[in-house]
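A.B. asks: What follows is a single structure, and I will ask about it in a moment.
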């Protein structure tokens, strides 16, 4: 019975339970944040070395009747930071680009032919050794070494890279030269690093082009019998 002037009794609210998915969602967010922090810690050395340029040295070109033979060196090896990345499972690919060009007066020089030498470097976690696979033309070789210094010794030069030349009768007084540059990239970043840094450049070493001394048909020596 309700008495005049008396406030109605309020029923007790039903007990509420926390949403079952709230904790898992917070946990997933925490895990994602931890992965991002880990990705930043692993990738920062790679990004800090992205400004490394290096340079090509000791560029030599030996013209012959049907081809030119090119050799060159890279005056900068892999840094200790890159060695740490290799040991954490981030493999590297180093490219040497070799381009034969023809000088064109009063116009842009013409690219006639090119060749690429590729070094793929990774760390074997089972054997605890560095592996260097080199591909030059149709030939691929693989070597295993223990130290980063040995890796640098293997990848710091290219030898006897051949590029075909036009027949001597078609050369005339044309002047040729060879340009070489090197570039190193991470072969495959872990998914979480690609997710965070997909918008950043991945090249870790990029040298400027280095040009050889020009040569012409008159400098080509006839083949020895």
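A.B. asks: Does the range 50-70 include one or more residues that are surrounded by 19 or more Cβ atoms within 10 Å (Cβ to Cβ), within 14 Å of the chain's Cα centre (by Cα), closer than 17 Å to residue 160 by Cβ and modelled with pLDDT of 90 or more?
C.D. replies: No - not one qualifying residue is present in the range 50-70.
A.B. asks: So, one more: Taking the conditions exactly as written (touching a strand residue (DSSP E or B) at 6+ places or on another chain (Cβ under 9 Å) and assigned to a helix (DSSP H, G or I)), does residue 151 satisfy them or not?
C.D. replies: yes
A.B. asks: Could you look through the range 101-128, keep only residues that are loosely packed, with under 15 Cβ neighbours inside 10 Å and farther than 23 Å from residue 179 by Cα, and pick out the one that is nearest to the chain's Cα centre (by Cα)?
C.D. replies: 124
A.B. asks: If I ask for residues that are farther than 30 Å from residue 82 by Cβ, surrounded by 15 or more Cβ atoms within 10 Å (Cβ to Cβ) and modelled with pLDDT under 75, which ones from the range 164-219 would you list?
C.D. replies: Listed by number, the residues that qualify are 171, 217.
A.B. asks: Which of (1) touching a strand residue (DSSP E or B) at 6+ places or on another chain (Cβ under 6 Å); (2) surrounded by fewer than 18 Cβ atoms within 10 Å (Cβ to Cβ); (3) in contact (Cβ under 8 Å) with a residue 40 or more places away in the chain is the odd one out, the single condition residue 87 does not satisfy?
C.D. replies: The one condition residue 87 does not meet is (3).
The values are calculated or read from the model by the stated rules, or taken from the named source; none is laboratory data. As the structure is a computational prediction, the values presented were derived from the model and not from experiment. Cβ atoms come from the backbone with ideal geometry, glycine included; neighbour counts cover every protein chain shown.
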